[in-house]
Amino acid sequence: MTVDPNAATQGFPSPKPARGGPHPARYLVPALVAAAVAIALGVYGKVHDPAGTAFNLAGFSSTGAVKSWLATVSLFFALVQLMSALMLYGKLPGPRWSSTLHRWSGRVAFLVAVPVAVHCLYALGYQTFESRVFWHSLLGCFFFGAFSAKMLLLRWERLPGWMLPLVGGLVFTALTLIWLTSAFWFFRTFGVTT
């Protein structure tokens, strides 16, 4: 028996190509965590007996003023985060340290928003007596749920390119609407005071 060195070799069938990304069911985990956080906050806010006040800072005339200014600071840093995200995605020119700016502005925005949320939940609870207050309560719960989902997704690899901008956009939109239904309303009603 002779072997032809120029003959095509017969090999095993090539493996099937790998799928483009993770199974879509994988995204149920962050969605379920977001729903659980939002519902837990809403239930706590509804069943908790509102205390009327949770904190006040020296130099401010009321807890409403404190909350409004802290919410405004949080929104400012959220705007910085939006601009730095646009830099990271190449939609705006930006410095090489845009990613650091993005991370730290998000951290500051969240940390400043937490005392406001604690005050809202503890002092006021989840209320529905008028549409502005209802939407504010609902959006507050949604914000922390969406934020939880975003934090989970940040650690995952091989996300579709649209996933983080979508969830980040939801978080930013919720925070903006929360600000409009609270701090903006406060400043229009009582004036821009401290």
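What follows draws every value from the coordinates through simple rules; no lab data is involved. Everything numeric in this text was worked out from a predicted model, so none of it was measured. All Cβ positions, glycine included, derive from the backbone under ideal geometry; neighbour counts span all protein chains shown.
Tabulated results
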{"item": "Point-to-point label distance, Trp104-Ser131, nm (Cα→Cβ direction, 7 Å offset)", "result": "4.3"}
{"item": "Where a label projected 7 Å from the Cα of Lys46 along Cα→Cβ would reach, residues of the range 137-163 with amide N under 14 Å", "result": "137-139, 141-142"}
{"item": "Full-extension gain in nm, Ile39 to Arg155, via 0.36 nm per residue minus C-alpha separation", "result": "39.4 nm"}
{"item": "Gain on full stretching of the segment that runs from Ser62 to Thr189 - 0.36 nm per residue minus C-alpha separation", "result": "44.4 nm"}
{"item": "³J(HN,Hα) computed for each position of the range 87-94 - Karplus, 6.51 cos²θ - 1.76 cosθ + 1.60, integer Hz, glycine/proline x", "result": "5, 5, 8, x, 7, 9, x, x"}
{"item": "Inter-label distance for His23 and Met163, nm, one decimal - labels placed 7 Å from Cα along Cα-to-Cβ", "result": "1.5"}
{"item": "Cα-based Kirkwood hydrodynamic radius, the range 45-194, one decimal, Å", "result": "16.4"}
{"item": "Highest-first arrangement of 38-45, 62-69, where packing means the average Cβ count within 10 Å", "result": "62-69, 38-45"}
{"item": "In order through the range 166-176: 3J(HN,Hα) via Karplus (6.51 cos²θ - 1.76 cosθ + 1.60), integer Hz, x for Gly, Pro", "result": "5, 5, x, x, 5, 4, 5, 4, 4, 5, 4"}
{"item": "³J(HN,Hα) computed for each position of the range 117-128 - Karplus, 6.51 cos²θ - 1.76 cosθ + 1.60, integer Hz, glycine/proline x", "result": "5, 4, 4, 4, 5, 6, 7, 10, x, 8, 10, 9"}
